1. For the chain, with every protein chain kept in place, what is the accessible area per residue (1.4 Å probe, Å²)?
2. What order do you get for 51-58, 38-45 when each peptide is scored by the mean count of other beta carbon atoms within 10 Å, highest first?
3. Ordered by packing density, taken as the mean number of other Cβ atoms within 10 Å over each peptide's residues, highest first, how do 219-226, 164-171 rank?
4. Only one of the values (i) 19.7; (ii) 18.4; (iii) 17.6 was calculated from this structure for Kirkwood radius over Cα pairs in Å; name its label.
5. Mind checking the dipole of the range 139-181: about its Cα centre, +1 per Lys or Arg Cβ, -1 per Asp or Glu Cβ, Debye to the nearest 20?
6. Students often forget the sequence filter, so: which aspartates and glutamates lie under 20 Å Cα-Cα from Lys211 once same-chain residues fewer than 8 apart are removed?
7. Taking R0 as 35 Å, what's the FRET efficiency between Ala82 and Glu145 from their Cβ-Cβ distance, rounded to 0.05?
8. What is the distance in Å between the Cα centres of the range 131-195 and the range 211-230?
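The values are calculated or read from the model by the stated rules, or taken from the named source; none is laboratory data. Source: prediction; values computed, not measured. Please note: Cβ atoms are built from the backbone with ideal geometry, for glycine as well, and neighbour counts cover all protein chains shown. With ligands, DNA and RNA removed, areas are computed over all heavy atoms of the protein, side chains included. Shrake-Rupley method; radii C 1.70, N 1.55, O 1.52, S 1.80 Å.
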Amino acid sequence: MSQKVLIVDDEKPIVTLLDYNIKNAGFQTDVAYDGKEAVIKCETNEYDLIVLDLMLPEMDGMAVCKHLRMNKIETPILMLTAKDEEFDKVLGLELGADDYLTKPFSPKEVVARIKAILRRSTRNDKPNFSSLKIGELTIYPERYEAEMNSNVITFTRKEFELLFHLAKNKGKVISRDQLLSSVWDYDFVGDTRIVDVHISHLRDKIEPNTKKPVYIKTVRGLGYKLEDPT
């Protein structure tokens, strides 16, 4: 059975364009024209991915994204925004979007992003261990959780995948482009700000002092590495 994509946008020409190209790429599609309709459909149907416009009537894309994540609906979200503003992009990622595209965009790029997100989401990459310990941090790959000092830490799917990738390569410096390729599965150069935002989120959750990180270190000009605190 082909994977199903929900397209959420209030501009019918854009919905028609996306629907045509996503179907041609082999996916099933469903559509919603406002935020409330999107939430209802997500709560009553199962989708493999949501293409979600930022500016929507009734309930905007940010509110939809926040509502879904708060209600444990972890369907991957590709956010669309007509505003080329860092605030919109960063906030969308903070609320749990997996990726974003700024309008105008090419249908081919939308399909490429969808395929990249789904490849990563459905890849069978089960670890051969039940936990991984770094300093006081214990990572549980099958649960998408970690513990520190007996406190459970929860993550968005993408935050955990980034943390797990860094943990598997403990002590190694990994560039932002390498992280985009490995964690976001991009076959092209993306916006490395995505990586920086997610690193910031991880630090908020695992670092005793985010201004002086001891787990996730920035190696200036090269990238990031995860290591035992010293």
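1. Numbers: 11530 Å² over 230 residues.
I get 50 Å² per residue for this part.
2. Numbers: 51-58: 21.1, 38-45: 15.9.
Result, highest mean first: 51-58, 38-45.
3. Details: 219-226: 14.9, 164-171: 16.6.
Ranking the peptides 219-226, 164-171 by packing returns 164-171, 219-226.
4. (ii)
5. Values: 7 positive and 6 negative charges, 36 e Å.
Charge dipole of the range 139-181: 180 debye, to the nearest 20.
6. In chain and number order, the partners are Glu94, Glu136, Glu159, Asp196, Glu227, Asp228.
7. On the way: r = 36 Å, r/R0 = 1.03.
The computed FRET efficiency comes out at 0.45.
8. Value for the Cα centre distance between the two parts: 13 Å.
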